[in-house]
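Below is one structure, written out as structure tokens; the observations come after it.
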Amino acid sequence: MKESRRNKTTEEKLVPNFNMTMSETRSQIGAISSQIVQSYDTIGGLNRIDGKNLPSRERVYGILKDLLALCFPGYFGAEPLVTKNVAFYVDGLVDTIYIRLREEVTRSLMHDAQCKGKDPVACEEIADRIALELLEAVPDIRKLLMSDVEAAYDGDPAAKSHDEIILSYPCVEAIATYRIAHELYLRNTPLIPRIMSEHAHSRTGIDIHPGATIGTRFFIDHGTGVVIGETTLIGSNVKLYQGVTLGALSFRKDDGGRLVKGGKRHPTIEDDVVIYAGATILGGETTIGHDSVIGASVWLTEPVPPHSKVTIGDPNLDVVKHDARTA
């Protein structure tokens with residue numbers, strides 16, 4: 001009986017009160033709005049134009065989309081290009097990226113300066129330099145990306161063409177976003193590199209921190225669930241499969257119980273290494289030597305010498321006949 005009464009009370013709360021007048025409804029809505037506004041003061045989480053000048057996440061997404069189109073024109077853009085119009089297209093794209101990126105970087109720098117109690121006067125000048133330097137780096141970024149595409153073509157027997165890889169492989173978007181965000185990270189740009197990398201993470205399932213250092217001809221096959229931490233060092237011609245984690249061990253804490261920031265926390269992967277699905281490699285002192293193969297589902301927290309093959313051993317198979325399952 002008590003249970004029935006409790007369910008009825010719950011149901012009554014869920015049914016709208018249609019007997020309220022319009023004036024009463026507006027009054028209730030106004031009270032709700034006031035409570036929400038009050039929560040901004042008590043809890044925080046408000047990005048206001050007269051406050052700490054946080055960058056716009058949606059604008060950063062738009063800038064990233066245009067930077068990807070600049071790296072792969074005709075692939076990431078909305079429309080295919082005509083050869084004779086390429087120079088005009090690039091000129092317009094560079095101009096709009098520069099203006100918007102400078103504005104968002106300025107906001108991120110001003111927010112960072114105010115949080116640290118520093119003078120934000122030079123933020124616009126620094127943002128201008130960062131925006132220009134990123135755009136100047138695009139040819140070098142494109143060179144790295146084309147080596148990544150070549151590695152994907154050479155490393156995947158299912159790949160039919162370079163065009164197929166650029167258009168359809170999630171690793172291309174994830175790695176391209178990383179290489180763009182990494183340039184901003186190297187220039188100490190707050191917030192924006194992580195906004196970019198986490199956007200790619202949400203779209204591809206591949207999580208590459210913009211602080212990681214990754215060499216040429218990098219390929220992530222399939223890709224879902226790959227995690228690459230901030231201080232990871234990856235050499236050239238490295239291939240990862242889905243579910244690989246290049247992460248950190250347990251974090252040190254200070255006397256106040258807070259996590260100690262900085263330091264080499266993630267592993268080093270040398271040249272010509274293949275890491276198969278589900279492998280977990282942890283720790284800043286863990287180095288995988290060049291020309292090594294790490295098998296699926298391996299857990300590593302210690303160095304591996306060059307030319308090694310690491311596996312977890314052959315499983316014990318218990319083969320049961322189909323008709324014996326019910327025995």
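Which of rounded, prolate, oblate describes the chain, given a ≥ b ≥ c as roots of the alpha-carbon gyration tensor eigenvalues and a/c under 1.5 marking rounded, otherwise prolate only if a/b is larger than b/c? In terms of gyration-tensor shape, oblate.
Using a probe radius of 1.4 angstrom, the carbon and sulfur fraction of the accessible surface of the chain is 53%. DSSP finds beta bridges in region 210-312, and of those with both partners inside it, around 5 percent are antiparallel. Largest GNM mean-square fluctuation across Leu184, Leu70, Leu81, computed for the chain with C-alpha springs under 10 Å, falls on Leu81.
Have a look at the DSSP beta bridges in the chain and tell me what percent are antiparallel, nearest 5. Show your work: numbers first, answer last.
Working: 1 of 25 bridges.
Antiparallel bridges: around 5 percent, rounded to the nearest 5.
Protection proxy ranking of 107-113, 32-38, by the mean of other Cβ atoms within 10 Å over each peptide's residues and highest first, is 107-113, 32-38.
Only helices enter this figure: runs of n ≥ 4 DSSP H residues, each worth -39500 (n - 2.57), summed and divided by the residues of the chain, yield -15000 deg cm²/dmol at 222 nm to the nearest 500. Working ranking of peptides 213-220, 167-174 by packing, defined as the average number of other Cβ atoms within 10 Å per residue, highest first, is 213-220, 167-174.
Taking amide H atoms as placed 1.01 Å from N in the peptide plane, the amide H of Ile214 lies under 5 Å from those of Ile234, each 5 or more residues away in sequence or on another chain. Taken over the C-alpha atoms, region 137-292 has Rg and Dmax values of 15.4, 56 angstrom.
Looking at region 233-327, the accessible area is 64 square angstrom per residue; that uses a 1.4 Å probe and ignores ligands, DNA and RNA.
Given a Förster radius of 56 Å and the C-beta distance between Val90 and Cys115 as r, what FRET efficiency does 1/(1 + (r/R0)^6) yield to the nearest 0.05?
On the way: r = 36 Å, r/R0 = 0.65.
The formula returns an efficiency of 0.95 here.
In the structure shown, the pairs Lys65/Lys118; Lys239/Lys261; Lys84/Lys143; Lys118/Lys143 are assessed against 27 Å; a Cα-Cα span above that value is assigned to Lys65/Lys118; Lys239/Lys261; Lys118/Lys143.
The values are calculated or read from the model by the stated rules, or taken from the named source; none is laboratory data. In this text, all values refer to a predicted model and were calculated from it rather than measured experimentally. Cβ atoms come from the backbone with ideal geometry, glycine included; neighbour counts cover every protein chain shown. Calculation scope for accessible area: heavy atoms of the full protein, side chains included, ligands and nucleic acids excluded. Shrake-Rupley method; radii C 1.70, N 1.55, O 1.52, S 1.80 Å.
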